[in-house]
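Right, one structure below, let's go through it.
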Amino acid sequence: MIKSLRILCDIELPDETIRIWDGSGGTFIDIEGNSYRPAQFTEDALQSIEAAINGEAFTLALSLISVSQSAADSIWDYDETTSVQGSPFIVKLQLLDDEEQPDGDAIVVFTGEIDNLDVADESSAEGIKSMVNIEATNRFTLRTVTNGAVLSDVDQRARSALLNPAAADDEFCKRVPLMRDKTVKWPNW
């Protein structure tokens with residue numbers, strides 16, 4: 001019987017893979033034996049994940065809170081020496097049984113690449129708390145490039161294949177013009 005689920009994130013950096021899960025407590029071991037460290041996402045991050053799962057978001061913005069200053073500093077230093085931009089970012093849902101053990105394989109709900117990463121520090125009476133902000137984009141990224149030009153259908157298909165090689169071919173430009181001729185019919189009760 002399925003009791004709960006865990007949100008798992010795999011960040012595949014050039015030198016290593018960082019695996020985290022949303023929550024507090026100990027390390028989570030998935031069905032393949034991979035270790036996931038606990039992390040705390042902001043409420044906005046959970047809403048972004050929900051939008052990505054529902055196919056409503058092409059950019060996923062996550063913020064990890066309550067990160068120690070030393071961990072945040074090491075993340076910032078790593079990004080300065082080895083750019084993380086373009087690194088694969090995967091969000092999965094893991095169903096758990098009534099003993100909080102993985103029940104089957106995790107379900108991949110978002111695949112993208114890191115577009116931006118920054119670290120912000122906040123000082124309070126308890127000490128310095130850091131927040132790590134990650135922005136990941138998927139194959140449904142807006143069809144514009146930084147200079148404002150619109151990607152052609154060929155360019156968009158090539159970009160989609162690069163960002164998400166396991167996905168089906170992007171046929172966005174073929175399907176949208178077909179929708180112009182469609183008529184919405186409501187049921188006649």
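Some notes on this structure:
- Sparsely packed loop sites in region 1-99 (the GluC sites (Glu not before Pro) outside DSSP H, G, I, E and B with at most 12 other Cβ atoms within 10 Å) comprise E16, E32, E56, E99.
- Proximal lysines to K92, defined as alpha-carbon separation beneath 20 angstrom and excluding residues fewer than eight positions away on the same chain: K3
- Stokes-Einstein D for region 1-60, Kirkwood Rh over Cα pairs, 4 °C, 1.567 mPa s (µm²/s): 100
- For region 97-125, backbone nitrogen atoms closer than 11 Å to the point 7 Å from W76 Cα along Cα-to-C-beta are found at 118-122.
- Eligible aspartates and glutamates near K174 by straight Cα distance, threshold 15 Å, same-chain separation 8 or greater: D153, D155
- Amide H contacts under 5 Å for D115, placed H, 5+ residues apart: G86, E135, A136, T137
- Working from Cα pairs under 8 Å separated by at least six residues, relative contact order for the chain is 20 percent.
- Computed over the chain, the P(r) curve from all C-alpha pair distances, binned at 10 Å from the origin, holds 8, 30, 32, 19, 9, 2, 0 percent per bin.
- Across region 46-140, the volume of the C-alpha convex hull divided among the residues equals 137 Å³ per residue.
- Modelled spin-label separation between E50 and E171, with each label point placed 7 Å from Cα along the Cα-to-Cβ direction: 3.2 nm.
Laboratory data are not the source of any read-out in this text; all were calculated from the coordinates shown. Note that the structure is predicted; figures quoted are calculated from it, not measured. Neighbour counts run over all protein chains shown; Cβ positions are idealised from the backbone, glycine included.
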